[in-house]
Structures are given as structure tokens and as C-alpha cells.
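Every read-out reported here was derived from the displayed coordinates using simple, explicitly stated rules and does not represent laboratory data. Remember, it's a predicted structure, so these values are computed and weren't measured experimentally. Heads up, the Cβs are rebuilt from the backbone with ideal geometry, glycines too, and the neighbour counts pull from every protein chain shown.
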Amino acid sequence: MKKIFLMAYVRKNLGDDLFIKMLTHKYPDCTFFMNVDTDTYIDYLQAIPNLKISVVNNLKEELYNSDVSAYDAYIYIGGSIFIEPKNKTLYYNNFNDFIDKCKAHGKPFYYISCNFGPYSTQNYFDYSRKIFESCTDICFRDKYSYNLFKSISTVRYAPDFIFNYKKPHDKIISNSVGISVIDLSIRQNLNISTEDYLDFLTTNISNYLKENKQVYLFSFCKYEGDETTINSLIERFPNEKNIHAIKYNGNLDSFLDLYSQMEYAICTRFHSFVLSSLFRNKVYVLSYSSKIDNVLDDLNLDLPSVHLSSINKNLELNLDNFKAANSENLNNAIELAQEQLDGVNRFFGTPPKNILD
């Protein structure tokens with residue numbers, strides 16, 4: 001049985017938890033090992049039978065000082081893991097040295113389903129390129145990132161790993177509108193205030209309520225402030241019985257079961273529009289990042305969208321303008337997304353198990 005050291009974002013973020021569940025399910029005959037810096041966010045992950053989690057005091061020190069020969073391979077799965085950090089020197093030297101150490105000991109290192117940036121300096125770009133050149137395989141989830149580094153032989157492109165997710169979704173809650181939210185206080189360069197964002201959502205929620213819709217507010221990650229936004233919205237509608245707060249607490253199955261049943265979905269979280277596309281919801285994308293814009297352009301899903309920087313309290317999202325993803329292009333994305341694991345599959349050498357049928 002192969003031993004795989006897995007790195008991921010562990011903060012009860014729905015997208016990253018789903019990454020972990022899908023990857024470990026894909027290879028049931030392997031044991032995955034993870035280090036985390038707190039046990040606060042791991043209760044659900046601990047139920048995965050082939051995942052072993054250790055709580056350590058310092059993630060970076062534990063990693064950099066570890067015996068790389070203890071594992072057969074290293075996998076880092078995550079989306080926005082290449083945002084230029086503030087402490088560049090520490091990042092460059094230590095992590096690059098670690099990947100070089102893996103390479104020297106013949107231990108493959110893989111990146112799965114990531115995107116590059118935002119970045120601001122040539123130094124960060126150059127050092128990142130050096131890291132990618134040392135990796136066994138890196139698969140970006142957007143063509144923008146891929147095109148930046150496509151001259152490196154081990155760099156590939158495939159749509160986001162979660163396009164591999166398979167779940168029955170034949171139930172729809174009639175007259176339901178699901179809204180995934182974010183906390184603007186932790187997002188930079190959006191040119192919109194939290195108050196304007198809340199006013200915009202309040203206007204549209206009020207309209208949907210007048211149309212006798214049931215409104216579901218979805219928090220994908222409490223740690224990143226989604227619940228703060230939901231609570232602020234709930235306060236604006238005291239005693240309103242047709243607004244429902246749905247907060248992800250680590251139970252993927254129940255959360256996704258309800259999310260899949262939305263008739264309409266305003267998708268702000270990156271993986272909200274991926275999942276809503278798969279579930280055939282009628283979608284309007286509220287983009288806050290170039291990573292969303294880039295993927296929408298790549299996949300041509302024909303989804304209506306507006307950037308957060310362009311909204312105001314008077315902008316109304318009419319439900320008649322919501323659309324399900326273009327079926328042909330969605331199927332192409334689903335097929336191509338299987339290539340996210342091509343590099344890892346070459347290492348495992350056997351056909352992988354289907355992902356979450």
C-alpha cells in the first residue's frame with residue numbers, strides 16, 4: 001500500500017474538503033497522511049478511512065525537516081495556492097529546497113487543480129517557475145496559468161478537479177433561489193464596499209421574496225467570513241420565514257444534497273458555479289476574481305455573469321435571465337477534468353476508482 005503525503009487547505013472550506021474527499025476516494029488502496037495546525041476543522045475529514053491526520057505545532061517546520069523517504073509521493077491539491085505571499089524569501093528558499101529534496105530522493109511531487117496568481121513581481125514569477133520545473137507534474141485549472149508556464153514539460157491544463165464530482169441531482173425545490181456569499185472584508189481590490197454588496201443582495205432578495213421564492217443563503221466557509229455576511233443579511237429581514245441560512249459545518253453530503261436542489265443559484269464562490277453547473281441549476285455568476293473570469297472564458301459554459309466591482313444596490317438580477325450551463329461544453333469540461341490526475345495516475349500504475357458515484 002502506497003503512502004502519500006497530502007497537502008491542502010484545511011479550514012472547513014467546502015471546495016477544499018471536497019477536493020480531499022474525492023482524491024482519497026479515488027485511491028482507496030493508498031493511505032494519505034496530512035499535517036494540520038489545529039483539530040478545529042477536521043472532524044468530518046477524520047471519518048475518511050484511508051486518511052491519517054496529525055496535529056502539529058508548525059506546519060512548515062514539520063514539512064521542511066521531515067524525512068522525505070517516509071512517503072512514496074507528495075501531492076498538493078488546492079485552488080488559489082500561488083498567490084504571491086508577503087514573506088517571499090522564506091517561501092522561495094524553504095519550499096523550493098523541499099521539492100528539490102523530494103526530487104533528489106526520487107519522490108514524485110504533484111500539484112493538482114491550482115491556478116497561479118495574483119502576483120505582482122517578476123521575482124515571484126521566476127521562483128515559482130523554478131519550483132514548477134522541479135515538480136513531477138503540475139496541472140493548472142485555467143488556461144491563463146497554463147499559458148504562463150506551458151514551456152515547462154511537466155505543466156498541464158485540465159478543468160477544475162471538482163468537475164469530476166458525480167452525484168444524483170434529479171430533485172429540485174420549486175421556486176428556490178440559492179445564493180452563495182463571501183465576506184468582502186478579506187477580499188482586496190474589488191472597488192466595492194461591504195455595505196454596497198449587502199445593499200445589492202438585499203435588493204435582489206427582496207425582489208425574490210415578492211415573487212414568492214424561497215431564498216437560501218449558503219456559507220461555503222465560516223473561517224473566511226461567509227457566515228458573517230449571512231448574519232448581516234438575516235438582520236435586514238427580521239422574522240422572514242422564507243429566508244434560510246445554510247452553513248457548511250463539515251458535512252459535505254447534506255450540504256451538497258440541499259445545494260443541488262436549487263432551482264436558481266447566484267454563484268459567488270468559485271466552486272458554487274462549478275457545482276451549480278454540474279447540478280444543472282439556473283445560474284447567475286457574481287464574480288469577485290480573475291480566477292473565476294478566466295475559467296468562465298476557458299469553458300464557455302454560456303453562464304450570465306457580472307463582476308462585483310460593477311454592481312450597485314439598484315442592479316437587479318432577473319430570474320428570467322438565469323441559465324443552466326451549456327450542455328455540450330459542460331460535458332467537454334467534465335471529460336477534460338479527468339485529466340487532472342493523469343500525472344498521478346502514471347505513478348499509481350493501475351486504473352483508478354471512479355470518483356464519488
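List of remarks:
- Count, lysine Cα pairs under 18 Å in region 173-326, 8 or more residues apart or across chains: 7
- For the peptides 104-114, 168-178, the ranking by packing is 104-114, 168-178, with the highest mean count of neighbouring Cβ atoms within 10 Å listed first.
- Between region 209-241 and region 1-54, the C-alpha centres lie 30 angstrom from each other.
- In sequence order, calculated HN-Hα J values of region 125-132 (Karplus, 6.51, -1.76, 1.60; Hz; x Gly/Pro): 4, 5, 5, 5, 4, 4, 5, 4
- Simple rule: put +1 on each Lys or Arg Cβ and -1 on each Asp or Glu Cβ in the chain, find the dipole, and look at PHE270, SER309, ASN321; the Cα lying farthest toward the positive end is PHE270.
- Here's how it looks for VAL285: its modeled amide H is under 5 Å from those of CYS267, SER305, VAL306, which are all 5 or more places away or on a different chain.
- Environment charge at ASN312 (Cβ cut-off 15 Å; Lys +1, Arg +1, Asp -1, Glu -1): -3
- A cut-off under 11 angstrom between Cβ atoms defines the neighbours of THR202, and their net charge, with Lys, Arg +1 and Asp, Glu -1, is -2.
- Packing order of peptides 182-188, 31-37, highest average first: 31-37, 182-188 (average count of other Cβ atoms within 10 Å over each peptide's residues).
- Cα-based helix-to-principal-axis angle, 226-235 vs the chain, degrees rounded to 10: 10
- Rounded to whole Hz, the Karplus (6.51, -1.76, 1.60) HN-Hα couplings of region 66-73, x for glycine and proline: 6, 8, 5, 6, 6, 10, 7, 6
- Just so you know, the Rg over Rh for region 173-326 is 0.92, from Cα atoms, with Rh as the Kirkwood radius.
- Eligible aspartates and glutamates near LYS26 by straight Cα distance, threshold 20 Å, same-chain separation 8 or greater: ASP16, ASP17, ASP72, ASP137, ASP160, ASP253, GLU335, GLU339, ASP342, ASP357
- Size estimate for the chain follows the Kirkwood approach: the inverse of mean 1/r over distinct Cα pairs works out to 21.3 Å.
- Excluding the site residues themselves, the longest part of the chain lacking any GluC sites (Glu not before Pro) in a DSSP loop with at most 16 other Cβ atoms within 10 Å is 1-210.
- Extreme residue, positive dipole direction of the chain, given options VAL36, LEU286, ILE75 (C-beta unit charges): ILE75
- Beta bridge orientation in region 173-326: antiparallel %, DSSP, nearest 5: 5
- Summarising the amide proton neighbourhood of TYR216: residues at separation of 5 or more, or on other chains, whose placed amide H is nearer than 5 Å comprise VAL177, GLY178, ILE179, HIS244.
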